[in-house]
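Just so it is clear, none of the values below were taken in a lab; they were calculated from the coordinates. Computed from a predicted model, the values in this text were never measured in an experiment. Here the Cβ is made from the backbone with ideal geometry for all residues, glycine too, and neighbour counts use every protein chain on show.
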Amino acid sequence: MPRRHFSFQSCSLSEVPAHEGVGAVRTCRVLGEDAGRRFNFIDMTEIPPGNSVGLHTHDAGDEEVYVIISGKGRMHVDGEEFDVGPGDAILNVAGGTHGLINTGTEPLRMVVLDVAPT
């Protein structure tokens, strides 16, 4: 039976560049690509103050949802900019362009769910 329970508590964050954004982000992947699933990955990502996920465009086989857990940021989605914070969920559609900068004074933490669209 495929695994159905994942925990970010037992996952170590690793520093990585994020689409040529400012600085690096820290991320932990609890689910990667797995044959037969529509999920490409599920990550916990932490963006330090002033750092960003650079503006980038997804291809037709990839869309994401960012769920903001803590911190503050400024989101860019397909030419629109808006502030985000705890409890916000942002849909980044296949073929869409988006980026996110941490505008706060504490790390911005979010869950990133990346799926193959139907």
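The table that follows gives values for the structure above.
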quantity: Gain upon complete extension [L55, F82; 0.36 nm per residue less C-alpha separation]; calculated: 8.3 nm
quantity: Descending semi-axes in whole angstrom, ellipsoid equivalent of the chain, from the Cα gyration tensor; calculated: 22, 18, 12
quantity: Fewest-first sequence of E81, E63 by Cβ atoms within 10 Å of each Cβ; calculated: E81, E63
quantity: Cα-projected label distance for R3 with R37, points at 7 Å along beta-carbon direction, nm; calculated: 0.8 nm
quantity: Dipole magnitude of the chain, debye to nearest 20 (Cβ charges: Lys/Arg +1, Asp/Glu -1, about Cα centre); calculated: 500 debye
